[in-house]
Amino acid sequence: MNTSEYLSMGDAARLLGVTKARISQLAASGTLVCDIVGGRKMVEYNSAIAYQRVRKRGRRPAADVGRKFTLMSADHEVAHVSFDPTREFPLEIAEVLDAQRMPFGTCSSSSPTVNKRELNAWWSHRSVPDVRPGLVSRYRELGIASGIEVPVRCLGLSLSDCYWLRPAECDGLEWQNINYFENDFERSAPEERSGWLEGIGLNNPDNTSEGELPKSWMIRNGIRVLAKGYGMDDQRPFNEAVATALHRRLLSKGEFVPYTVERIFDGPVCLCDDFLDGREEYVPAVYVKGVLGSQRGNSTYDRYCCYLGKHGADEAAVRRSMSQMIVCDALLANSDRHWRNFGIIRNVDTLEIKPAPLFDSGNCLWYNVPTVVLAAGEFGFSAKPFGPDPSVQLALADSLDWFDSSRLNGFVDEAIEILSQSKWATAEGRLEAIRRGLERRVIEVGAAVEVLRHVQR
C-alpha cells in the first residue's frame, strides 16, 4: 500500500478548506473513502480530489437539495427544511413558518433568522452518541452509514419533546396518529428484547435518546417509562434510588422525578416515568444559557432565573426549583449536574414555561472515586453547573423555605440500605466509607443552609 495515496484527516481538512470534524462526517457518510493505514484512519487522496472538484462546480443552495420535510411541533407547522447527511449542516431551513416555536435558542422570535450551527447542534442531540456500547455494530447490522440519519427513520419523533419531521410527500400525516406519547412503538416491552439496542433503527423513541449510558423506552400499563443502565460500575442506578429517597423527604410531588430499580437485561436498571405529556417539550438549560448574554455584576444563576422570569415563568418558582437542585446536589455530592440535565418545560400550544422537575442525579455519592481515597476521608467533589466549589455554589441558593433539616433524620441509614444492593458500592469496605461521607454532607449542608437563611432574612 502506497502511503502517498492517502492523506491524514488534518491534511484532508486543509486541502478541502473544512474542519476535521467535517472530514469525519464526510467519511462516515461514505462521501470520502477512508482506510486504516499504519494504525491511523486516512483519507484516499483521489477521493478527496474528486470531492473538491464537485464542490468547485457549484451547487444549488443547501435548502434546495436533500429530502424535504416540514419541521413540526405537535400539529404546529414550524419550518420547511431539507435534510442531507453529506452536508456540513445536514438540517437546513428553507423557510421559517413560526419563529416562536422553533427549537429554543435557534431562532429569534422577533426575526426569522436561523443559526445553522445551533439548529444542527440541537438536531445532533436527537441521535444516540457513538460511545453507547455496541452502537456501531448495530448500525452496521442495519446497513446505516451514519448515526445522524437514524432519527430521520422515525421522523425525529421523541418522548422528550413534540418536534418531528413531516415528509413533503406525506403532508396529510397527523401528530395524533404517530406520536409516541399516545401510540405504541416497536419493541415497547422488555420481554420483546434481549438487549439495550434492539429498538435502534425501528419505529421507536430509542433512536432519539441521548447520553452515554444504555437507555431504552418501554410502555407499562399505558405509561411511557425510561430505563437506564450503567457503565463500569453498578452503583449509579441505586444512586438514583437514593436521590429519590432524599427528594421524597424534602420536596413535594411533582418537584422531582421518582426512580425505582429493577433487574433487566441481567443487571440493575433504574426506571422513571416520562414527566411530559403529548403537548409539552423539555428544554435543557443549555439552550437558555446560550441566549442569556453577559451582565456585569450578576451571577449566571441570577441571570438564568431573571431571564426565565422576564419570559413568562414564575421567577419565584424558578428560584425555588433551582435552590432545591443546588441543595439536594450538595447533600448527594452530585458531580455531574451539567446544563443538559436540568431545564424548563414549555407548552407547545401556549408557549408557557415552568421549571422541569429535578431528575438525573445518578452521578453522585463518589461512584467514580477509588475506595482507598474515600477510606482516607477524602470526600471532595466538583460542583456543577455553577461550581466547581460546592460551598460557593451552595451559597447561590436563595429560596430555602422548603428545607426542613429534621426530615433528614434516618436518611443516611435509608441510603446505605439501598446501596447495599450494589456490588460496586459494597466492595472492600466502600459502603462504610460512603456512609461517613454522606453523614458529613448532611451535617455540613444543613449547617450551611441555616447560615444562608439567617443572612437572607
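Brief remarks follow.
- When the GluC sites (Glu not before Pro) in segment 100-169 are filtered for DSSP coil states and for at most 14 other beta-carbon atoms within 10 Å of their beta-carbon, no site remains.
- Per residue, segment 90-158 exposes 45 Å² of accessible surface when a 1.4 Å probe is rolled over the protein heavy atoms with every protein chain present.
- Residues within the reach of a label modelled at Ala317 (point 7 angstrom out along Cα to beta-carbon, backbone nitrogen below 15 Å), restricted to segment 240-283, are 252-256, 276-277, 280-283.
- The string of couplings for segment 372-382 from the Karplus curve (6.51, -1.76, 1.60, θ = phi - 60°) is 4, 5, 5, 4, 7, x, 8, 10, x, 7, 8 Hz, one whole number per residue in order, with x for Gly and Pro.
- Overall form of segment 247-385: oblate. Here a/c, set by the Cα gyration tensor axes a ≥ b ≥ c, is 1.5 or more, and a/b is not larger than b/c.
- Contour excess over end-to-end distance, with Cα ends at Ser405 and Arg220 and 0.36 nm allotted per residue: 63.0 nm
- The residues of segment 174-223 expose, per residue, 46 Å² of accessible area to a 1.4 Å probe.
- Dipole moment magnitude, nearest 20 debye, the chain about Cα centre, only Lys, Arg, Asp, Glu C-beta charged: 1460
- Adding -39500 (n - 2.57) for every DSSP H run of four residues or longer, then dividing by how many residues the chain holds, sets the calculated 222 nm ellipticity at -9500 deg cm²/dmol.
- Potential extension, Gln421-Lys253 segment - 0.36 nm per residue separation minus Cα distance: 57.9 nm
- Remark: for residue pairs Lys228/Lys289; Lys289/Lys384; Lys310/Lys384, the C-alpha separation exceeds 18 Å in Lys228/Lys289; Lys310/Lys384.
- Taken along the Cα-to-beta-carbon direction at a fixed 7 Å, the label points for Glu444 and Ser382 span 1.7 nm.
- Calculated from backbone phi, Karplus (6.51, -1.76, 1.60) coupling profile of segment 169-183 in Hz, x at Gly/Pro: 7, 10, 6, x, 5, 10, 3, 4, 9, 10, 5, 7, 5, 10, 10
- In plain terms, the chain from Glu5 to Ala94 could stretch by 28.1 nm, reckoned as 0.36 nm per residue minus the Cα-Cα distance.
- Taking the accessible area of the chain, probe 1.4 Å, and keeping the other protein chains in place, the carbon and sulfur fraction comes to 48%.
- Calculated FRET value between Arg435 and Asn46, using beta carbons and R₀ = 60 Å, to 0.05: 0.40
- Using the Karplus relation 6.51 cos²θ - 1.76 cosθ + 1.60 with θ = phi - 60°, the per-residue 3J(HN,Hα) values for segment 355-361 come to x, 6, x, 6, 8, 6, 10 Hz, with x marking Gly and Pro.
The values are calculated or read from the model by the stated rules, or taken from the named source; none is laboratory data. Keep in mind that this is a model prediction, so the values were computed, not measured. Virtual Cβ from ideal backbone geometry, glycine too; neighbours counted across all protein chains shown. With ligands, DNA and RNA removed, areas are computed over all heavy atoms of the protein, side chains included. Shrake-Rupley method; radii C 1.70, N 1.55, O 1.52, S 1.80 Å.
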